[in-house]
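The values are calculated or read from the model by the stated rules, or taken from the named source; none is laboratory data. These numbers come from a predicted model, not from an experiment. Cβ placement follows ideal geometry from the backbone for every residue including glycine, while neighbour counts extend to all protein chains displayed. To get the accessible areas, we keep the full protein, side chains included, count just its heavy atoms, and leave off ligands, DNA and RNA. Shrake-Rupley method; radii C 1.70, N 1.55, O 1.52, S 1.80 Å.
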Amino acid sequence: MGFTREQLESFRDATVDDLVGDDVRLVIVGINPGLWTAATNTHFAHPGNRFYPALHLAGITTHQIDQAAGFTPEDREHLVGRGVAITNICPRATARADELSRRELREGAQQLVDRLESWQPQVIAIAGITAYRQAFGRPSAAKGRQEVRLAGARLWLCGNPSGLNAHETVETLARQYRAAAEEAGVTLDAPRW
């Protein structure tokens with residue numbers, strides 16, 4: 001599946017449905033939907049995004065999800081059935097996360113906390129340290145497990161899986177996501193590294 005630039009631009013400012021079920025153990029939080037994500041209604045959907053390859057390598061998924069084509073009903077059920085939910089700090093789709101204002105990030109953070117409090121996960125993993133720092137006013141926060149909790153849940157800060165982030169690889173992301181998933185009690189397969 002592919003999109004023209006014009007088709008993707010038509011999804012600017014759209015929103016994406018949260019992926020959430022009844023038994024939420026781990027919530028993975030992105031910064032905001034990209035245009036490809038909005039077009040497919042599938043979080044982290046851009047073909048260059050390393051999120052789903054990292055989940056598979058970590059043993060969080062049993063199969064490689066083809067994010068660029070969008071979730072199948074089976075993909076959704078697989079993640080939800082393992083207790084994994086996915087949402088974003090900000091709901092507005094943009095071509096790049098740096099198009100968001102600090103105000104949008106702060107307002108999105110408060111709305112996120114409200115959702116998380118109703119879902120009551122064990123662990124929250126935010127995929128984007130810089131966005132977390134800005135959204136939650138914690139400029140010195142570092143990657144890894146945090147001492148503070150968020151909405152009553154243990155908090156992990158993980159690297160951003162975007163292909164634009166040169167500081168992470170599929171394997172480094174997989175290790176971060178697996179650590180958060182283990183702490184959350186998510187059903188896992190053996191890691192594939």
### Query
Once a ≥ b ≥ c are taken as the square roots of the eigenvalues of the Cα gyration tensor of segment 16-69, is the result rounded (a/c under 1.5), prolate (a/b larger than b/c) or oblate (a/b not larger than b/c)?
oblate
### Summary
Counting only DSSP beta bridges with both partners in segment 65-173, the antiparallel fraction in percent, to the nearest 5, comes to 45 percent
### Task
Go ahead and run the numbers for FRET between Gln120 and Arg76, Cβ-Cβ distance against an R0 of 25 Å, rounding to 0.05.
0.75
### Query
Could you work out the helix-only [θ] at 222 nm for the chain, with each DSSP H run of four or more residues adding -39,500 (n - 2.57) and the total divided by the number of residues, to the nearest 500 deg cm²/dmol?
-10500 deg cm²/dmol
### Summary
Rounded to the nearest 10 Å², the accessible area of His56 using a 1.4 Å probe with every protein chain kept is 40 Å²
#### Entry: Solvent-accessible area per residue for the chain (1.4 angstrom probe, square angstrom)
46 Å²
### Task
Starting from the exponent 0.38 and prefactor 2.2 Å, build the expected Rg for segment 79-193 from its residue count and divide its actual Cα Rg by it.
1.05
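If you roll a 1.4 angstrom probe over the protein chains with everything in place, what fraction of the accessible area of segment 106-156 belongs to carbon and sulfur, to the nearest %?
Of all accessible area on segment 106-156, carbon and sulfur atoms account for 41 percent.
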### Query
By its C-alpha gyration tensor, with a ≥ b ≥ c as the square roots of the eigenvalues, how is the chain shaped: rounded for a/c under 1.5, else prolate for a/b larger than b/c, else oblate?
rounded
### Query
Direction-averaged shadow area of the convex hull around the Cα atoms of segment 46-113, nm²?
5.5 nm²
### Query
So, counting K/R as plus one and D/E as minus one, what does the shell of residues with Cβ under 10 Å around Leu157 add up to?
+4
### Message
Net charge around Leu19, counting only other residues with Cβ within less than 15 Å of its Cβ (Lys, Arg = +1; Asp, Glu = -1)?
### Response
-3
### Task
Can you give me the span-like helices of the chain, meaning DSSP H runs with 30 Å or more of Cα extent along the axis and Kyte-Doolittle mean at or above 0.5?
none
### Karplus 3J(HN,Hα) series, Hz, for segment 20-37 with 6.51 cos²θ - 1.76 cosθ + 1.60 (x for Gly, Pro)
8, x, 7, 10, 8, 9, 10, 10, 9, 10, x, 6, 6, x, x, 5, 5, 4
